[in-house]
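A.B. asks: Sharing a structure here in structure tokens format.
The values are calculated or read from the model by the stated rules, or taken from the named source; none is laboratory data. On a predicted model such as this, the values are computed, not experimentally measured, just so you know. Glycine also receives a Cβ, built like all others from the backbone with ideal geometry; neighbour counts cover every protein chain displayed. With ligands, DNA and RNA removed, areas are computed over all heavy atoms of the protein, side chains included. Shrake-Rupley method; radii C 1.70, N 1.55, O 1.52, S 1.80 Å.
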Amino acid sequence: MNPFTRRNFLASGAGIVAGGALLRSPLEGRQGPGGPAEYRPVVTPNGATLPWKVVDGVKVFHLVAEPVLHEFAPGLEAECWGYNGRVHGPTIEAVEGDRVRFYVTNKLGAPTTVHWHGVFLPNGMDGVGGLTQRVIRPGETFKYEFTFQQHGTFMYHSHHDEMTQMALGMMGLIVVHPRQPTRPVPDRDYAFMLSEWKIVPGTRRPDPNEMTDFNVLTLNARVFPGTQPIVAKVGDRVRLRFGNLGAMDHHPIHLHGYAFSLVETDGGEIPEAGRWPCTAT
């Protein structure tokens, strides 16, 4: 599998050290259709996790598509589109086998949909406007419901006038933890969405017509010095998840001073014999 695709890949390494102190998040237990599962909750630097509640055994989430005034870095703001007041949208976290329901409310001035990128689901829930569903018009709410059949790192994004709406920020990450892990649970689990933007100096909105000449490249919609650090301590097992929904480009990732193993790609888990140590991918 070519690691430079627009889709997600996941890497884990022996440890990453950075300044500051951070308490290790506790393991969480989730009871679902497939039985109990333990996992380390994922951290999205500069981001958030979408809250949910259980209704009759179904995990229920609510996404609101709306305009967002977003700060890419101190002094660099733009009028974007996002979800739940954020760019990018909050990370959706679940466990393999969970039945999930998403209520999507459109507060934009244009129709939209939500596509669940890489997720196995019924065709009617795939979120392609004009093909698998009627678009969600301004002021409307649409219900998506399906079961997460596989674990991994996935993405969600608009799939109506998507080159415009995604260029304005309408995307987010999905993390589905395995119900029966085959590897040790990591001490730190971080998730990053890569993206690219064209913001002409003096303008207030990203340019959705740009295809090649981008001038703002982001991790979780932020650029230095507005980016939060990856924090760990010596000996920690660290998992890094990356998703790329940039319009045209791949985004190589390099870690200074540390090696990691590529353990999952779009197609799922890589057998141990097929993994290799690297510092960039």
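A.B. asks: Across region 218-276, what is the total count of residues that are among the hydrophobic types (A, V, I, L, M, F, W, C), open to solvent by 40 Å² or more (accessible area, probe 1.4 Å) and in a loop (DSSP other than H, G, I, E, B)?
C.D. replies: 5
A.B. asks: Can I ask one more? Residues that are over 30 Å from Trp52 (Cα atoms) and either outside any strand (DSSP E or B) or open to solvent by 10 Å² or more (accessible area, probe 1.4 Å) (or both): does region 176-195 have at least one?
C.D. replies: No, every residue in region 176-195 fails to be over 30 Å from Trp52 (Cα atoms) and either outside any strand (DSSP E or B) or open to solvent by 10 Å² or more (accessible area, probe 1.4 Å) (or both).
A.B. asks: At least 2 residues that are under 30 Å from Ile199 (Cα atoms) in each: list the strands (runs of 3 or more DSSP E) lying fully within region 53-151 that qualify.
C.D. replies: Hits in region 53-151: 58-73, 76-83, 99-106, 115-117.
A.B. asks: Looking at (1) touching a strand residue (DSSP E or B) at 6+ places or on another chain (Cβ under 9 Å); (2) more than 26 Å from Glu79 (Cβ to Cβ), find the lone condition where Gly130 falls short.
C.D. replies: With respect to (1) touching a strand residue (DSSP E or B) at 6+ places or on another chain (Cβ under 9 Å); (2) more than 26 Å from Glu79 (Cβ to Cβ), Gly130 is out only on (1).
A.B. asks: May I pose another question? Residue check: is Phe214 in a strand (DSSP E or B), of a type in the set (Phe, Trp, Tyr), open to solvent by less than 70 Å² (accessible area, probe 1.4 Å) and closer than 29 Å to Leu168 by Cα?
C.D. replies: Against the criterion (in a strand (DSSP E or B), of a type in the set (Phe, Trp, Tyr), open to solvent by less than 70 Å² (accessible area, probe 1.4 Å) and closer than 29 Å to Leu168 by Cα), Phe214 does not qualify.
A.B. asks: Could you list, in sequence order, all residues of region 118-147 that are closer than 29 Å to Phe242 by Cβ, over 19 Å from the mean Cα position of the chain (by Cα) and exposed (fewer than 13 other Cβ atoms within 10 Å of the Cβ)?
C.D. replies: Hits for region 118-147 are Pro122, Asn123, Leu131.
A.B. asks: Considering only residues that are among the aliphatic types (A, V, I, L, M) and under 30 Å from Lys198 (Cα atoms), which ones fall in region 244-281?
C.D. replies: Hits for region 244-281 are Leu245, Ala247, Met248, Ile253, Leu255, Ala280.
A.B. asks: Taking only pairs six or more apart or across chains, which ones have beta-carbon atoms under 8 Å, a first residue in region 178-202 that is free of Cβ contacts under 8 Å to residues at least 24 places away in the same chain and of a type in the set (Phe, Trp, Tyr), and a second residue that is open to solvent by less than 30 Å² (accessible area, probe 1.4 Å) and outside any loop (DSSP other than H, G, I, E, B)?
C.D. replies: none
One line per residue, one yes/no per condition, for (1) at pLDDT 95 or above; (2) over 16 Å from Glu145 (Cα atoms); (3) acidic (Asp, Glu):
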site	(1), (2), (3)
Pro33	no, no, no
Trp52	yes, no, no
Val55	yes, no, no
Phe61	yes, no, no
Pro67	yes, yes, no
Ala73	no, yes, no
Leu76	no, yes, no
